[in-house]
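Visitor: Have a look at this one.
The values are calculated or read from the model by the stated rules, or taken from the named source; none is laboratory data. Since the model is a prediction, treat every value here as computed from it, not as a measurement. Positions of Cβ are generated from backbone atoms using ideal geometry, with glycine treated the same way; all protein chains shown enter the neighbour counts. All accessible areas refer to the heavy atoms of the entire protein, side chains included, with ligands and DNA or RNA removed. Shrake-Rupley method; radii C 1.70, N 1.55, O 1.52, S 1.80 Å.
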Amino acid sequence: MRDRVFHRLSLVALGVLSVGLLGWPASKTLGDITGTVGGTVGTVTGIVGGTTTVLGDTGTLAAGSLDSLYNEADSISTSLVSADVPSARVTGYADEIASESYLASLNLTIAGITITASSAEAEARAALDGSSSIGTVYVSNLSINGVDIFIDGTVNQTVSSAVGQLIINEQQVQSDGTMVVNALHATVYGVADVVVASATAGASGGNAYAVQATTP
């Protein structure tokens, strides 16, 4: 996995022009998304009592730990998603936690809707006392059903339709200052809820994983 320096204050994302999508219109609404973050069941997913599978998980590092957790594989492949070199890392410091996740050659297919990206990466860094947090997402060559999606760099950029939504650069700061960052969060209501490249850091501990999928 490529080493990363967690000092970036700006959000950087790559993309190209968005046009109409077969089965998933390109209408977009930007802003905070209410509900649970990280792919768990809740009002956003439309899935209650489902089964959640996590791939490429580091496990949770307790706040205050000076250890490091790491997970890397050559690839992952399930009926929903495939990707290359999924990697995740969490590092603890005396006063903060830093986490990151990365994967390449993403191919996610939910109910005939295919989301692809050359790469997706999420980084989170937060002080244990809740005084500061930084989240950064990188996504390259994102497309839905073969149509390129323009990424504007804003937090919680959303591409939505009647059947679901895709949130790009999903970020939430919890009440204790813990930062949760997801590169991509795709939902097809009642069918599947999938988070790609997730990083969590802060007083609640640190965690990172490549993919988390919730299905009925």
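Visitor: Restricting to segment 134-164, give me the number of residues that are of a type in the set (A, V, I, L, M) and not in a loop (DSSP other than H, G, I, E, B).
Guide: Step one: of segment 134-164, the residues of a type in the set (A, V, I, L, M) are 134, 137, 139, 142, 144, 147, 149, 151, 155, 159, 162-163.
Then drop every residue that is not not in a loop (DSSP other than H, G, I, E, B), which leaves 134, 137, 139, 144, 147, 159.
Final tally of qualifying residues: 6.
Table: residues versus (1) free of Cβ contacts under 8 Å to residues at least 40 places away in the same chain; (2) under 25 Å from residue 70 (Cβ atoms).
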position: 107; (1), (2): yes, yes
position: 121; (1), (2): no, yes
position: 129; (1), (2): no, no
position: 154; (1), (2): no, no
position: 163; (1), (2): no, no
position: 172; (1), (2): no, yes
position: 178; (1), (2): no, yes
position: 209; (1), (2): no, yes
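Visitor: Looking at 63, 104, which one is surrounded by fewer than 22 Cβ atoms within 10 Å (Cβ to Cβ) and in a loop (DSSP other than H, G, I, E, B)? Give the derivation first.
Guide: On the way: 104 fails: in a loop (DSSP other than H, G, I, E, B).
From the options 63, 104, the qualifying one is 63.
Visitor: If you don't mind, there's one more thing I want to ask. All but one of (1) more than 21 Å from residue 178 (Cβ to Cβ); (2) of a type in the set (D, E, K, R); (3) touching an Asp or Glu at 6+ places or on another chain (Cβ under 9 Å) hold for residue 72, so report the exception by its number.
Guide: (3)
Visitor: Looking at this structure, is residue 97 at pLDDT 95 or above, under 17 Å from residue 199 (Cα atoms), surrounded by 15 or more Cβ atoms within 10 Å (Cβ to Cβ) and of a type outside the set (S, T, N, Q)?
Guide: On the way: at pLDDT 95 or above: yes; under 17 Å from residue 199 (Cα atoms): yes; surrounded by 15 or more Cβ atoms within 10 Å (Cβ to Cβ): yes; of a type outside the set (S, T, N, Q): yes.
Yes, satisfied.
Visitor: Among the residues of segment 180-188, is any farther than 30 Å from residue 203 by Cβ and either modelled with pLDDT of 95 or more or assigned to a strand (DSSP E or B) (or both)?
Guide: To start, the set of residues in segment 180-188 that are farther than 30 Å from residue 203 by Cβ comprises 188.
Those left that are additionally either modelled with pLDDT of 95 or more or assigned to a strand (DSSP E or B) (or both): 188.
For segment 180-188, residues farther than 30 Å from residue 203 by Cβ and either modelled with pLDDT of 95 or more or assigned to a strand (DSSP E or B) (or both): present.
Visitor: Here's a follow-up. Give me a count of the residues in segment 144-183 that are among the aliphatic types (A, V, I, L, M) and closer than 17 Å to residue 98 by Cβ.
Guide: Of the residues in segment 144-183, 5 are among the aliphatic types (A, V, I, L, M) and closer than 17 Å to residue 98 by Cβ.
Visitor: Which of (1) part of a strand (DSSP E or B); (2) closer than 24 Å to residue 155 by Cβ is the odd one out, the single condition residue 131 does not satisfy?
Guide: (1)
Visitor: Right, another one. Give the residues of segment 189-211 that are under 19 Å from residue 139 (Cα atoms) and open to solvent by 20 Å² or more (accessible area, probe 1.4 Å), sorted by residue number.
Guide: Selection gives 200 alone.
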